[in-house]
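Only one structure is covered here, and it is reproduced in the block below.
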Amino acid sequence: MKNGLALFLGVFAILGLSWAGLLLSAHRQLGSLSQFKDPVEETLYPQPLSGLANQGRLVYQDLGCVSCHTQQVRHEGFGSDIERKWGQRASYARDYIRESSVLIGQSRIGPDLRNAGSTELHSYADADYFYSLLYAPQSVAPGTNMPSYAFLFETHALAGRQPSYGAIKLTGRYAPAAGYEIVPTARARALVAYLQSLKDTYDYPTERNLNAPAETAKEGGH
Amino acid sequence: MNSTESNARAEQAEIDASAKWPVLVFFGSALVWLLLGGALQLIASIQLHTPTFLSACAWTTHGRIVPAAQNALVYGWGMNAAFAFGLWLMARLSATTLRHGGWLFVAAKFWNVGVTLGILGILGGYSTSFELLEMPRYVTLILLVAYALVGVWAVTTFSIRNTENVYASQWYLFGAAFWFPWLYAIAQIMLLKAPVRGVLQPLVNAWYVHGLYGLWFIPMALAAAYYFLPKILGKPIANYYLAPLAFWWLVGTTAFAGGSRLIGSPVPVWISTLGGAANFLLVVPVVVIAINLLGTLAGQTAALGRSITLRFILISILGFILASGLNFALSIRGFAQVVQFTLVTELRDWLILYATFSTAMFGAAYFILPRLTGREWRSSALVKAHFGSAALGVILLTVGLAYGGYVQGQMLADAKVPFGEITQALTFWFAFRSVGLLVLLIGHVAFLINFAWIACPICSNETETAQFRTPPALNLPKAHAAEGHA
Amino acid sequence: MSSTPDGNYRFEQGGASDDSIQQVHAQLQKQKPDKASGYSFLPLAVLGLMCSSVFFGSIYLAHYSIRFDPLVTNENARREKPGAVVQTAVPPAVLGKKVFTTICATCHQLTGQGVPGVYPPLAGSEWAQGSEERIIRIVLHGLNGPISVSGKDYSNAMASLGGVLKDEQIANALTYVRQEWGNKAPEVKAETVARIRAEVGNHPAPWTSAELLKIGQ
């Protein structure tokens, strides 16, 4: 290529076409995707996070949980996400529209968290479970390589009084020394509130119908 | 003949002199970041098989170390090294000096300040959590301003070129110089300044990451390969008439391939399908570039043995082919289903950043730095150690991440395998990776020592000066000369 | 031609000048490939690769893009236009489960077993599987006083839910109750609930089981 101008125009066009073709067109399709109104209950889904859960989302972001955890459930037949009870259905685009930063993640060093707060799928996943998981992961998930987030908790001396309402329950070698209790800080409480809020329970009829798999092979199909 | 030769030589010496200090500053900072980022990467890797390592303090928790390491390596090492190499090569191929190099010092300062603030911000908990865009918002403008200085310099140098013809390396350099700031600025706007809604965010992120690797790092590596092969071997690129086709096809398809990182994600399926189709089309330029570059290297084993630059470039070319092959494989849904979210996808990005780009930069440095400083490398043992560790590290990490990732994927795909078992099975592969990273780190330390001896004004007084002779002209291959037409 | 002087990698001599590299390659770019042995295979091979990759890429794109529909995330989804596809509604029992879980389960429990001596069970209950006229009235207007369910006696007060729930919600919840935990009874339709609500009008007090037993079979 002799012509510097030709080079510039080509280079510019590639970026422009890529931005327009991928990002702009996707934005036109999904940029204003809004909540769905259930016809019977007249409730809007997805529902926003509570204030504490929203703060917890910031803690999630701050601690970089996205490095090891995804938040996307793949559809049935594409991997074992549904069989592992990581969700009752595949995640849809609409599930994420109310989140200010969408962290679907790229790495599954740890399990998917999209429905971590769903007690229907994981009956053991209550607040106590999450506190113990954060403080001493091995106590509730043996064999895990998740690091301990003990810095999100404080150790208080009991000095003869009753344990605090919020003190976390640990047994065995993870329990604090006699006369001490472990109390979650505000960040820990927010993070656990966020984790408990993670459940995609609503089954949008539009998405469910559009994504229903083709039953039979099409003629001339591949 | 003699006078034109000495004129050309004088020009080259002038160019090198004008580029000396900016390149040394950029490359020196790049090396510091390489070691720092490498150390952070090693810590992150150790934490995966020894989770108690440095887990007590929030600043060193795994979730903060991983993005800190990635950003230090990409923006600290990768961008600085690319600036150093790109500025020098653009000046050389435009046969014009780098004017007003003082501004480039300002750029280097700003860039390094920005990256430092960014890494500290990540470690302090202000990460944005978007892949390769984790540095907090306040560094964006600093980095863009610093880049603008460098980019303007590269483009200006190109536009005032003294040469009639534009060589392949210049296409790649020019393209990369243009694409990066737009990719970065658009991603920052659409993710942080005026965030788009819902799953459009991961889409913008994937577009940016794929663009950064495919439209910045790979073109830089290819620019190096296309330049150093004829430069050192003294023979032209094989089948060069295919090179323009490869360039346009490569960058055109890479620009649309970002969606392939989102297979199975809750984005409209056409996005990942488009990305997959683009990756399938990528076969053509990869094959052509392999023909160009490996064809030129064919039968040149003697020259490879004598030249450390050529050996690094060879690893770079092989890394490029391997990374592209992995890209292709990861676009096949059946394969992606199993190995998504595992070490295999990490391998694809690592191959581009290290096996393709970093090795090319090492090769370039071994050629450029003696010319800029006028001195030799003091210890050839360290040079050999660096190359050996790079080659060994690439092999170890490729094998380890590929096999470990495949095992991980197989176990993830089987719902009956409890997650704890997967972690136990992977402990060996995480440790394997730590060993590989340590090997690489040792080589980088060897390189840094040699660099200090050649570049640092105080230490290099005892290093021998290098005597360069004027290189001969490149000859047209005999068959073409016989045809006798232009 | 180019090498380190003592083979020890201390520095490299250049093998060609930058000028000549650019000039030679500019010439090569314009030249056709080597025709020394007649037809050159390489350009044809590259052309063939280009065409086949575009071909297969296009087929892949056409097959898996599902009309570029923004809401489709499954590559195996049906490829016909949505109008041609019969939309299946969510079964009423599924909708009813939601209502039940939110409102009724607090007393009657998620298992439908109720609380012994306090709240009557719905699982296996002859009331739940019996006349819909009775149970619709219970939900609309409440129930007070003693009631015998599955052989046991309960005496409690159930609040009226007619002002809180819509006809469809009541119908769905009752359908769910009548088809869950082994219960086998026909579904309840929203129209039936609407009819009963209109017929009864404003009921001053909650029903008693004696009154209800007189209605329906």
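The values are calculated or read from the model by the stated rules, or taken from the named source; none is laboratory data. For clarity, every value in this text was computed on a predicted model and none was experimentally measured. Here the Cβ is made from the backbone with ideal geometry for all residues, glycine too, and neighbour counts use every protein chain on show. Remember, those area values only see protein heavy atoms, side chains included, never the ligands or the DNA or RNA. Shrake-Rupley method; radii C 1.70, N 1.55, O 1.52, S 1.80 Å.
Compute the signed sum of charges (Lys and Arg +1, Asp and Glu -1) over the other residues within less than 14 Å, Cβ to Cβ, of A:Leu134. All intermediate terms of the calculation are to be shown ahead of the outcome.
Details: positive: A:Lys169, A:Arg187, A:Arg189; negative: A:Asp62, A:Asp126, A:Asp128, A:Glu154.
So the surrounding residues net to -1.
How big is the antiparallel share of DSSP beta bridges in the protein assembly as shown, given as a percent to the nearest 5?
On the way: 18 of 19 bridges.
Percent antiparallel among DSSP bridges in the protein assembly as shown is about 95.
Looking at this model, which pairs from B:Lys231/B:Lys384; C:Lys97/C:Lys166; C:Lys152/C:Lys189; B:Lys109/B:Lys384 are more than 24 angstrom apart at the alpha-carbon?
On the way: B:Lys231/B:Lys384 21 Å; C:Lys97/C:Lys166 15 Å; C:Lys152/C:Lys189 29 Å; B:Lys109/B:Lys384 32 Å.
Too far apart for the 24 Å limit: C:Lys152/C:Lys189; B:Lys109/B:Lys384.
Would you kindly state the longest site-free stretch of chain B, with sites defined as trypsin sites (Lys or Arg not before Pro) in a DSSP loop (not H, G, I, E, B) surrounded by at most 10 other Cβ atoms within 10 Å? Can you show the working numbers first?
Values: sites that count: B:Lys416, B:Arg469.
It works out to B:1-415.
Please list, by residue number, everything in region A:18-50 whose backbone N is under 16 Å from a paramagnetic label point 7 Å out along Cα→Cβ of A:Ala127.
A:50
Relative to the longest principal Cα axis of chain C, at what angle does helix C:18-30 sit, 0 to 90 degrees, rounded to 10?
For C:18-30 against chain C, the angle is about 70 degrees.
Which is farthest toward the positive dipole end of region A:1-108 among A:Leu33, A:Gly21, A:Gln47, measuring Cα position about the Cα centre, with Cβ charges +1 (Lys, Arg) and -1 (Asp, Glu)?
After comparing all options, I get A:Gly21.
What's the magnitude of the charge dipole for the protein assembly as shown around its Cα centre, counting Lys and Arg as +1 and Asp and Glu as -1 at the beta-carbon? Answer in Debye, nearest 20.
Details: 65 positive and 54 negative charges, 209 e Å.
Here the protein assembly as shown has a charge dipole of around 1000 debye.
Only four residue types carry charge here, +1 at the Cβ of Lys and Arg and -1 at the Cβ of Asp and Glu. Report the dipole size of chain B about the Cα centre in Debye, rounded to the nearest 20.
Working: 25 positive and 15 negative charges, 31 e Å.
Using only the charged Cβ atoms, the result is roughly 140 debye.
Could you give me the ³J(HN,Hα) list for region B:28-36, computed from phi with Karplus coefficients 6.51, -1.76, 1.60 and θ = phi - 60°, whole Hz, x at Gly and Pro?
x, 5, 4, 5, 4, 5, 4, 6, 5
If you wrap a convex hull around the alpha carbons of chain C, what volume per residue comes out, as a whole number of Å³? Display every interim value, and only then the final one.
Details: hull volume 75.9 nm³, N = 217.
Expressed per residue, the convex hull around the Cα atoms of chain C is 350 Å³.
How large is the dipole of region B:1-142 about the Cα centre if only Lys and Arg carry +1 and Asp and Glu carry -1, each at its Cβ, rounded to the nearest 20 debye? Write down the numbers at each step before the final one.
Details: 7 positive and 6 negative charges, 46 e Å.
Result for region B:1-142 is approximately 220 debye, rounded to the nearest 20.
How compact and how long is the protein assembly as shown, expressed as Rg and Dmax of its alpha-carbon atoms in Å?
Taking only Cα atoms of the protein assembly as shown, I get Rg and Dmax of 33.4, 122 Å.
Which of A:Lys37/C:Lys98; A:Lys85/B:Lys193; A:Lys199/B:Lys193 have a Cα-Cα distance over 25 Å? Present the calculation step by step, with values, prior to reporting the outcome.
Numbers: A:Lys37/C:Lys98 15 Å; A:Lys85/B:Lys193 36 Å; A:Lys199/B:Lys193 28 Å.
Those over the limit are A:Lys85/B:Lys193; A:Lys199/B:Lys193.
Of A:Ala188, A:Pro205, A:Gly166, whose Cα points farthest to the positive end of the dipole of region A:153-222 (charges on the beta-carbon: +1 Lys, Arg; -1 Asp, Glu; origin at the Cα centre)?
Value: A:Gly166.
Which loop-located trypsin sites (Lys or Arg not before Pro) does region C:129-217 contain, where loop means any DSSP state but H, G, I, E or B and the Cβ has at most 10 other Cβ atoms within 10 Å?
Details: sites: C:Arg134, C:Arg137, C:Lys152, C:Lys166, C:Arg178, C:Lys184, C:Lys189, C:Arg195, C:Arg197, C:Lys214; in loops: C:Lys166, C:Lys184, C:Lys189, C:Lys214.
Taking region C:129-217 and a limit of 10 other Cβ atoms within 10 Å, the loop trypsin sites (Lys or Arg not before Pro) found are C:Lys184, C:Lys214.
Would you compute, from DSSP H runs of 4+ residues alone, the mean residue ellipticity of chain A at 222 nm, taking -39500 (n - 2.57) per run and dividing by the full residue count, rounded to the nearest 500? If you can, show how the numbers build up before the last one.
On the way: 7 runs with 65 residues, N = 222.
The helix contribution divided over chain A gives -8500 deg cm²/dmol.
Please give the helix B:79-93 orientation as an angle from the longest Cα principal axis of chain B, in degrees from 0 to 90, rounded to the nearest 10.
The angle comes out at about 30 degrees.
Compute the accessible area per residue over region B:295-386, keeping the other protein chains in place, probe 1.4 Å, unit Å². Please report the intermediate quantities before stating the final value.
Numbers: 2280 Å² over 92 residues.
Per-residue value: 25 Å².
No other cysteine beta carbon under 4.7 Å away is the test; run it over chain B and list who passes.
Here B:Cys57 come out as lacking a disulfide-compatible partner, given the Cβ-Cβ threshold of under 4.7 Å.
Tell me, which residues of region B:235-249 get at least 50 Å² less accessible area when the other protein chains come in, versus the chain alone (1.4 Å probe)?
Output list: B:Tyr240, B:Tyr241, B:Trp248.
Which angle from 0 to 90°, rounded to the nearest 10, does the C-alpha axis of helix A:4-18 make with the longest principal axis of chain A?
For A:4-18 against chain A, the angle is about 60 degrees.
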